[in-house]
Amino acid sequence: MQKLAGLNLKENSSGKHKGKTTISKRGRRRLRAILFQGIMPIVAKNNEFSELHQYYNTRANNPLKKKQSLILLCCKLIRIFFTLMTKKVAYDPEKMMRDIKRPEIQAA
């Protein structure tokens, strides 16, 4: 599904040159635009998506830029929609938040 939207990654490299990894943009341009425009209010209003966006921007290992994080969340939204439609299950924010590796808080 990500490939249909053109959100799959491609590497820009040739010979010894190693370029940046970007999205391919080979899919449906309108679908990609709708996903990106739709993810911004979701990040603003939904606590789980907001927390994921904050995590991807501030993680110690490989922090992402804001737009990269939004593209990643678009891909996650596609996967969530696909799972909800094919498996006919209800949305579970706990499953979605498994990506975040939080340090365990130990009780005193």
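The values are calculated or read from the model by the stated rules, or taken from the named source; none is laboratory data. Only a predicted model underlies this, so the values are computations on that prediction, with no experimental measurement involved. Here Cβ is always computed from backbone atoms with ideal geometry, including for glycine, and neighbour counts include all displayed protein chains.
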| Is one or more of the residues making up the stretch 63-82 of a type in the set (Gly, Ala, Ser) and in contact (Cβ under 8 Å) with a residue 24 or more places away in the chain? | no
| request: Would you check if there is a residue in the stretch 50-57 being outside any helix (DSSP H, G or I) and either surrounded by 10 or more Cβ atoms within 10 Å (Cβ to Cβ) or not hydroxyl-bearing (Ser, Thr, Tyr) (or both)? | output: no
| Which of the residues spanning the stretch 1-57 are at pLDDT 90 or above and of a type in the set (Gly, Ala, Ser)? | Ala33, Gly38, Ala44, Ser50
| request: For the stretch 7-47, name all the residues that are surrounded by 12 or more Cβ atoms within 10 Å (Cβ to Cβ), touching a Ser or Thr at 6+ places or on another chain (Cβ under 7 Å) and over 18 Å from Ser69 (Cβ atoms). | output: Lys10
| In the stretch 58-71, what residues are part of a loop (DSSP other than H, G, I, E, B) and surrounded by fewer than 10 Cβ atoms within 10 Å (Cβ to Cβ)? | Ala60, Asn61, Asn62
